Amino acid sequence: MKKHNFSAGPSVLNREVIENTAKAVLDINGSGLSLMEISHRGKDFQAIMDEAVALFKELLGIPEGYQVLFLGGGASLQFCMVPYNILNKKAAYLETGVWAKKALKEAKLFGEVNVVASSADKNFNYIPKGFTIPTDVDYFHITTNNTIYGTEIHEDYNSPVPLVADMSSDIFSRPVDVSKYALIYGGAQKNLGPAGVTFVVVREDILGKVERTIPTMMNYKTHIDEGSMFNTPPCLPIYTCLETLRWLKRLGGVKKMYEMNKAKAAILYNEIDRNSLFVGTAEKDSRSLMNICFVMKDEYKELEEEFQKYASSKGMVGLKGHRSVGGFRASTYNALPAESVQALVDCMKEFENMHKK
Ligand SMILES: *Cc1c(COP(=O)(O)O)cnc(C)c1O
């Protein structure tokens with residue numbers, strides 16, 4: 001049966017991307033060698049790294065003065081690496097969920113943290129508004145898409161201090177004005193590639209300003225100077241990211257992707273709002289285009305497990321909501337085909353017909 005993969009991460013990848021990666025695993029550039037057994041310092045891999053960096057810059061519209069890095073350690077290591085490199089005395093954080101909390105917990109190891117606003121009062125089901133970004137901090141940190149709660153910041157903030165963003169789960173899903181950010185990072189495993197590689201986009205002029213000594217591997221400068229090859233990079237995941245970037249370019253780039261993502265999300269949100277059994281958990285103006293969270297209305301709560309089973313029987317995978325929200329979460333990342341969204345909507349309609357009181 002055809003599977004519809006709504007997993008939150010690692011998540012769906014484009015089929016062609018997977019097939020091209022499989023080919024490269026068997027033989028890279030007709031060399032008779034696998035991508036997995038060639039030197040990262042050889043010309044074949046150097047070309048892969050160069051093209052991945054160039055396409056990343058081109059597709060995201062990254063201006064001069066920024067570096068793109070491919071590192072290990074996941075977004076979680078960036079929670080620590082960011083303050084290590086740029087927090088001198090004080091930083092500001094927007095608390096919009098578990099990932100934001102994990103990020104600010106690490107920052108506290110390096111200095112004072114000002115939580116500018118939080119949506120913890122409503123289990124993070126909205127993006128706070130009307131807050132003021134302080135000017136006496138080294139940077140302001142945000143999580144643009146809150147993967148667990150299905151909320152997303154739909155604008156590029158004007159920040160008086162360097163703006164740092166965890167874009168793990170919405171990178172390349174919408175056009176971003178990179179010039180408004182000093183640093184963008186994320187794990188690849190939601191919208192870009194398999195687990196094992198982390199992207200960092202950093203404006204070089206924010207570096208070199210902290211007083212502490214930074215261990216070599218934790219220092220962005222090390223990785224900038226060595227072109228992400230100070231040590232052996234995650235070669236295979238980087239290759240898959242490159243294939244995703246090539247696919248994105250063939251498709252028409254981030255603007256086109258954004259149109260497709262808006263269309264996909266609208267189909268599902270419309271059904272959630274129309275269907276008498278389900279209700280969305282995020283406030284409407286904070287709804288994410290990438291992670292769509294919904295539960296069963298109170299009078300139908302006892303049917304949640306049954307819907308989960310029904311959906312599985314129709315090939316839906318990864319629909320279970322995060323334990324802190326419950327219900328269902330459909331992750332509609334870039335690579336999820338519109339037909340999968342339609343299949344889920346059909347499933348919800350059928351289930352309503354079977355159970356409507
Ligand atoms: C998944 C996720 C993370 C964690 O990424 P790792 O690569 O597992 O460390 C961090 N932030 C956000 C927004 C995420 O969605």
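The values are calculated or read from the model by the stated rules, or taken from the named source; none is laboratory data. As the structure is a prediction and not an experimental result, all values here were calculated from the model. Note that each Cβ is placed from the backbone with ideal geometry, even for glycine, and that neighbours are counted across all protein chains shown. Remember, those area values only see protein heavy atoms, side chains included, never the ligands or the DNA or RNA. Shrake-Rupley method; radii C 1.70, N 1.55, O 1.52, S 1.80 Å.
A few comments on the model shown:
- Cβ-Cβ under 7 Å pairs, at least 6 apart or on other chains, the range 43-62 side under 20 Å from Ser179 (Cα atoms), far side open to solvent by 30 Å² or more (accessible area, probe 1.4 Å) and part of a helix (DSSP H, G or I): Leu55/Arg246; Leu55/Lys249; Leu59/Lys249
- Asn146 vs. criteria closer than 18 Å to Leu77 by Cα and in contact with a strand residue (DSSP E or B) (Cβ under 8 Å, 6 or more places away or on another chain): yes
- Residues located in the range 154-169, provided they are more than 8 Å from the ligand (Cβ to nearest atom) and either touching a residue at least 40 places away in the same chain (Cβ under 8 Å) or open to solvent by 10 Å² or more (accessible area, probe 1.4 Å) (or both): His154, Glu155, Asp156, Tyr157, Asn158, Ser159, Pro160, Val161, Pro162, Val164
- Residue within the range 206-228 that is within 11 Å of the ligand (Cβ to nearest atom) and out of contact with any Leu (no Cβ under 9 Å at 6 or more places or on another chain) present: no
- The range 243-271 residues that are among the acidic types (Asp, Glu), paired with ones that are crowded, with 20+ Cβ neighbours inside 10 Å (beta carbon under 7 Å, 6 or more apart): Glu243/Val17; Glu243/Thr21; Glu271/Met348
- Any hit, the range 22-33, residues being of a type in the set (Ser, Thr, Tyr) and touching a residue at least 40 places away in the same chain (Cβ under 8 Å): no
- Residue-level check: of (1) in contact (Cβ under 8 Å) with a residue 40 or more places away in the chain; (2) of a type in the set (A, V, I, L, M, F, W, C); (3) within 21 Å of Ala265 (Cβ to Cβ), Met81 misses just (3).
A quick yes/no check of all residues on (1) closer than 19 Å to Arg203 by Cα; (2) out of contact with any Ser or Thr (no Cβ under 9 Å at 6 or more places or on another chain); (3) within 16 Å of the ligand (Cβ to nearest atom):
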| residue | (1), (2), (3) |
| --- | --- |
| Ile38 | no, no, no |
| Gln78 | yes, no, yes |
| Ile86 | yes, yes, no |
| Asp121 | no, yes, no |
| Pro128 | no, no, no |
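- Residue check for Val317: modelled with pLDDT under 95, open to solvent by 20 Å² or more (accessible area, probe 1.4 Å) and either touching a helix residue (DSSP H, G or I) at 6+ places or on another chain (Cβ under 7 Å) or not charged (D, E, K, R) (or both): no
- Yes/no for Ala91 being among the small types (Gly, Ala, Ser) and within 16 Å of the ligand (Cβ to nearest atom): no
- In the range 29-38 there is at least one residue matching the filter, namely being touching a helix residue (DSSP H, G or I) at 6+ places or on another chain (Cβ under 7 Å) and over 25 Å from Glu226 (Cα atoms).
- Top-ranked residue of the range 183-198 - restricted to ones that are among the polar types (S, T, N, Q) and near the ligand (Cβ under 9 Å from one of its atoms), ranked as surrounded by the most Cβ atoms within 10 Å (Cβ to Cβ): Thr198
- Sole residue being of a type in the set (Asp, Glu) and under 29 Å from Gly150 (Cα atoms), chosen from Glu64, Glu19, Glu106: Glu106
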